[in-house]
Amino acid sequence: MTIDFATFGESHGKVVGVIIEGLPAGLEISTEDLDAELSRRQSGYGRGARMTVEKDTAEIVSGVRWGKTIGSPVCVLVKNRDWENNRRLLSVDKKSADAALKILRPRPGHADLAGLLKYRFDDITDVLERSSARETASRVVAGAFFKKYLALAGIAIYSWVEEIGGVKADIPPLAAAKVFAAAKSSPVSSPDVAASAKMAAAIDVARKTGDTLGGVFAVAAVGSPVGLGSYVSWKERLDARLAAALMSVQAIKGVEIGAGFQAASLPGSKVHDEIFYSKSVGYTRKTNNAGGLEGGTTNGQDIKIRCAMKPIPSLAKPLASVDISTKKPSSAAPVRSDVCAVPAAAVVGEAMTAYVLAVAVRDKFGGDSVAEFTENFKASADKKK
Ligand SMILES: Cc1cc2nc3c(=O)[nH]c(=O)nc-3n(C[C@H](O)[C@H](O)[C@H](O)COP(=O)(O)O)c2cc1C
């Protein structure tokens, strides 16, 4: 069985949540583990008022018993605390329909217009309630499970913010765990103190002018064994799977592995990571421009990914749009919104990276239980000696 997950729920509905299948039995997990990840997703300078309305907490309703997974589908709910104020808007009851509640002015950059035309709706609420990044709360819950699973294979995942609104951080040439630790105290999750202050100031300016900002975050997976993914089929290539998973995060418009776009302008002699060997360590490299992936397969180096996030599409000073009922020019609907969500998106990026690696780890080492997985993993590591 492979690992898979599906999210469900609308932004202002009763709950959002996730169903995860394929986790081995015996994986230790607690509600606190999930809440810690949810809290990271809610933090970061630039978030909107909603983050203070909702302190997300997870409720595990199946698949876990006495602190461990039991191999059955895991279902987790995250209650939307704003539900009480939106009972009518999101009611399942036909009698609650109210034309006055309809949203009629699509926001450029959102799924509003494309979704409206695709599903033949006459109310943008039917689109935005699901296209909203509130859905990422479910992904982050799933990510907490995947991270626990990956830890059994010695894999840890980190993220930090490299750029917001054109302000670039200097990233220290340190191990990923240290860069992550340095970013922890920053209000924008960036390891560069001076750049963090400038990023926060840029967010303040955007808030004042009714604008929004995007940026760049990095995700690193450390400790990956050699041989996750494969070059034998395009579907197995792990770089492609990672790119797809990260690109599926709302507002992510670019994904780079290793040197990425920079590699395109350099000669091969400056890009490819030369191979060395020592008896004590085995194969080594002095550089990691490949970002831990060659031929779609992990090569044992850190997996390094960077993601570009576009600016948030709901502007306090709304952009030009059209009223879908009159077809007359109008400004886009004002929707309560973040000014910048790059630090939060980085946490979602970790979750999606963890998912792709969890699938690859399960494919390679199998195991219906944690005990069996650990035996398989250890046997594979022993063979390499
Ligand atoms: C963590 C996170 C938070 C977001 N918060 C908002 C928000 O408050 N307001 C908004 O308009 N868009 C927000 N977005 C972005 C939109 O969800 C996204 O741009 C939109 O769904 C359209 O999808 P696309 O940008 O991938 O085309 C957020 C994205 C992420 C990852």
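Listed by first and then second residue, the pairs linking a residue in region 301-318 that is more than 21 Å from Gly109 (Cβ to Cβ) to a residue that is within 11 Å of the ligand (Cβ to nearest atom), with Cβ atoms under 7 Å apart and 6 or more places separating them unless they lie on different chains, are Ile305/Leu246.
Put simply, of Ser321, Ser330, Ser314 the only residue that is in contact with a His (Cβ under 8 Å, 6 or more places away or on another chain) and either part of a loop (DSSP other than H, G, I, E, B) or small (Gly, Ala, Ser) (or both) is Ser314. From the list Lys95, Lys55, the one residue that fits, being in a helix (DSSP H, G or I) and loosely packed, with under 13 Cβ neighbours inside 10 Å, is Lys95. Residues that are over 12 Å from Leu293 (Cβ atoms), in a loop (DSSP other than H, G, I, E, B) and open to solvent by less than 60 Å² (accessible area, probe 1.4 Å) within region 206-245 comprise Gly210, Thr212, Leu213, Gly214, Gly223, Pro225, Ser233, listed in sequence order. Only residues that are within 8 Å of the ligand (Cβ to nearest atom) and modelled with pLDDT under 95 were counted across region 333-355, and they come to 4.
Any residue at all in region 138-149 that is β-branched (Val, Ile, Thr), touching a residue at least 40 places away in the same chain (Cβ under 8 Å) and in a loop (DSSP other than H, G, I, E, B)? No: zero hits. In the set (1) open to solvent by 10 Å² or more (accessible area, probe 1.4 Å); (2) away from the ligand (no atom under 14 Å from the Cβ); (3) assigned to a loop (DSSP other than H, G, I, E, B), Ala177 fails one condition alone, (3).
The set of residues from region 340-385 being open to solvent by 20 Å² or more (accessible area, probe 1.4 Å) and under 19 Å from the mean Cα position of the chain (by Cα) comprises just one member, Tyr355. When the test is whether a residue is acidic (Asp, Glu) and in contact with a helix residue (DSSP H, G or I) (Cβ under 8 Å, 6 or more places away or on another chain), Glu84 does not pass it.
The values are calculated or read from the model by the stated rules, or taken from the named source; none is laboratory data. This one's a predicted model, so the numbers in the text were calculated from it and none came from an experiment. Note: ideal-geometry Cβ built from the backbone for every residue, glycine included; neighbour counts use all protein chains shown. To get the accessible areas, we keep the full protein, side chains included, count just its heavy atoms, and leave off ligands, DNA and RNA. Shrake-Rupley method; radii C 1.70, N 1.55, O 1.52, S 1.80 Å.
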